[in-house]
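The values are calculated or read from the model by the stated rules, or taken from the named source; none is laboratory data. Worth saying up front: this structure is predicted, and the values here are computed from it rather than measured. Virtual Cβ from ideal backbone geometry, glycine too; neighbours counted across all protein chains shown.
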Number of protein chains: 2
Amino acid sequence: MQNFKPYYAVIFTSTQTKDTEGYSEMAKHIEDLAKKQDGFLGIESARDGVGITVSYWESLEAIKTWKQNSEHLIAQQKGREKWYSWYNTRICKVEREYEFKL
Amino acid sequence: MQNFKPYYAVIFTSTQTKDTEGYSEMAKHIEDLAKKQDGFLGIESARDGVGITVSYWESLEAIKTWKQNSEHLIAQQKGREKWYSWYNTRICKVEREYEFKL
């Protein structure tokens, strides 16, 4: 932990509308695109009722650049118009981390 | 956003062993207990394959106190011995937040 280098997490929580047409294709496309961005470190997703996606980034600059990516902007727009009834995006600094492995 | 007051998030991601006996009862008990702690702000969970639980707290002190809660310590121990094949705990400072509602 002494050499822990802080990085950033984006916690995206959401609930969906009943209209899921095209959603899973877009989600996969956007995740694939995120993985190609500079400063991308990782992504984890789960949904049951509420959806939680956490993506990890080297810097706030990397998050800002990704937020403004043109394809991502279109996906965000469609998300608001069609797929999400609610969402929340939290930008967080990861200060400490503990891992357990069997 | 000008008056945004930072708070903390604990991102707990995990994968389970095949032995889930007693897990859901314990998870519910521990979540109920967390909700009674000083400084607790909220909790969100989803699992599909990977499990993601994010809890929100007013301060690092509140997180530390909760980490050391005696019933929580027992649950953590059982988690390592029985239910989890892997987990990761990240302590994060929430610096910004954006919400969308239909």
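Okay, here's what the table says:
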read-out	value
Index of the failed condition, B:GLU44 passing every other in (1) in contact (Cβ under 8 Å) with a residue 12 or more places away in the chain; (2) crowded, with 16+ Cβ neighbours inside 10 Å	(1)
Residue check, B:SER70 surrounded by fewer than 13 Cβ atoms within 10 Å (Cβ to Cβ), among the hydroxyl-bearing types (Ser, Thr, Tyr) and modelled with pLDDT of 95 or more	yes
Matching entry among A:ILE74, A:ILE91 (being out of contact with any Gly (no Cβ under 6 Å at 6 or more places or on another chain) and either closer than 18 Å to B:TYR56 by Cβ or within 11 Å of chain B (Cβ to nearest Cβ) (or both))	A:ILE91
Residues located in region B:13-34, provided they are surrounded by fewer than 17 Cβ atoms within 10 Å (Cβ to Cβ) and under 25 Å from A:VAL10 (Cβ atoms)	B:THR15, B:GLU31
Number of positions in region B:45-66 that are more than 11 Å from every other protein chain (Cβ to nearest Cβ) and among the aromatic types (Phe, Trp, Tyr)	2
